[in-house]
Amino acid sequence: MVRFIHITDTHIAAAEDFMSYGHSPLANLQRLVATLNALPYPFDFVLHTGDVTEDGSAAAYRRAKNVLSELHAPIRYLAGNHDDALVMQRELLGVDAPLERYDYAFEAGGVQFVMLDSRGPVQPGGQLSTGQLAWLSEFCTPAGPPLVIALHHEPLPLDVPWLDAAPPASPESLDASEKPAMLLGNSGEFLEAIAGARGRLRGVFFGHIHRAFQVWRDGILFSSAPSSFGQLKTWPGLREAQPAPEEAPGYCLVTVDEHHTIVQQYTFSHAG
Ligand SMILES: [Fe+2]
């Protein structure tokens, strides 16, 4: 059994006074850390599904680290499209020889976690390489312990046009008139790679879209957490990204036990 807190899209910038969607990511991350430290129950770790920083700079990671190191729990990070995975590993995690793609796996409470670096070649979309899909497939066998997969980008359509457009495979094939596409570009290959583990896959967790979504597809749960500072509008037919400054920041508590995956979503009031 494992309990973790899913947080995402903290977007800390090098500049202390950086504002986004009408709010301060820094002040809200400070409030989130204080909120989590005051929770009246134990949890095993925090899962951050990426966009730790706004600009991928060393200064931004140092600023994020100052706040996140106050947390009374270990944190497992993913790189998002706003992150620089190399700088993130060096500055935030103190790694001397960082990986080009920040993929890794770990076990907690008898549950296998597989973490994927889904940053794509065309911003802000995602893409997994052939090598990453092969690595993922090794974990996605029918037999084995309960399995959880996490990545930054939404790995399937969500009935929202501005989220559901697939990015081109390379910058060269980008049409100047095309709107930025958010989706994991090769989501079909990803869904195929995980299908074999359906019987023991306890959830696919993601961020990127600044909104909590829960999707059930082919017997698999897909769940995103709200951003720690600002949400985006989503609804069927919406073609443009729009901030939703009136909506609260939040996080999710996830419990994976022998029989269930339980996701409880919480909000807290804006700090600034
Ligand atoms: Fe993102």
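The values are calculated or read from the model by the stated rules, or taken from the named source; none is laboratory data. Every value quoted in this text rests on a predicted model; they were computed, and no experiment measured them. Using ideal geometry, Cβ is built from the backbone for each residue, glycine included, and neighbour counts are taken over all protein chains shown. We work out accessible area using only protein heavy atoms, side chains counted, and drop any ligands, DNA or RNA first. Shrake-Rupley method; radii C 1.70, N 1.55, O 1.52, S 1.80 Å.
Set the Förster radius R0 to 22 Å, insert the Cβ-Cβ distance between GLU70 and ALA248 as r into 1/(1 + (r/R0)^6), and round the FRET efficiency to 0.05.
0.55
Compute the accessible area per residue over the stretch 1-135, keeping the other protein chains in place, probe 1.4 Å, unit Å².
Here the residues of the stretch 1-135 average 39 Å² of exposed surface.
With a point put 7 Å past each Cα toward its Cβ, work out how far ALA34 is from ARG239 in nm, to one decimal.
4.4
Please find, in a Gaussian network model of the chain (springs between Cα atoms separated by less than 10 Å), the residue of PRO226, PRO171, PRO245 whose mean-square fluctuation is greatest.
Residue with maximal mean-square fluctuation among PRO226, PRO171, PRO245: PRO171.
Kirkwood Rh over Cα pairs of the stretch 1-71 into Stokes-Einstein at 20 °C, 1.002 mPa s: D in µm²/s?
Estimated via Stokes-Einstein, D reaches 169 µm²/s.
So what is the accessible area of the stretch 161-272 per residue, in Å², with the probe set to 1.4 Å?
45
Points 7 angstrom from Cα along the Cβ direction at SER170 and HIS259: gap in nanometres?
So the label points at SER170 and HIS259 sit 5.3 nm apart.
Kindly give the semi-axes, whole Å and largest first, of the ellipsoid equivalent to the stretch 2-267, taking each as the square root of 5 times a Cα gyration tensor eigenvalue.
24, 23, 19
Carbon-plus-sulfur fraction of the accessible area of the chain, 1.4 Å probe, in percent?
52
Compute the Rg/Rh shape ratio of the stretch 128-252: radius of gyration over Kirkwood radius, all on alpha-carbon atoms.
Result: Rg/Rh = 0.99.
What is the projected area of the convex hull of the Cα atoms of the stretch 101-146, averaged over all directions, in nm²?
Answer in nm², one decimal: 3.8.
Rounded to the nearest 5, what % of DSSP beta bridges with both residues in the stretch 2-267 are antiparallel? Spell out each step's value before the answer.
Numbers: 25 of 46 bridges.
Just about 55 percent of them are antiparallel.
Given charges of +1 on the Cβ of Lys and Arg and -1 on the Cβ of Asp and Glu, with all other atoms neutral, how large is the dipole of the chain about its Cα centre, in debye to the nearest 20? Don't skip to the end; give the middle numbers.
Values: 17 positive and 31 negative charges, 115 e Å.
It comes to approximately 560 debye.
Mind ranking SER269, SER57, SER129, SER224 by accessible surface for me, highest first, 1.4 Å probe? Walk me through the intermediate numbers first.
Numbers: SER269 75, SER57 35, SER129 55, SER224 0 Å².
The residues order as SER269, SER129, SER57, SER224, largest area first.
Of GLY230, GLY120, GLY109, which is the most mobile in a GNM of the chain whose springs link Cα atoms less than 10 angstrom apart?
GLY109
Three principal axis extents, largest first, for the C-alpha atoms of the stretch 80-190, in Å?
Ordered largest first, the stretch 80-190 gives principal extents of 47, 36, 23 Å.
For the chain, what does the helix formula give at 222 nm: sum of -39500 (n - 2.57) over DSSP H segments with n ≥ 4, over the residue count, nearest 500 deg cm²/dmol?
-5500 deg cm²/dmol
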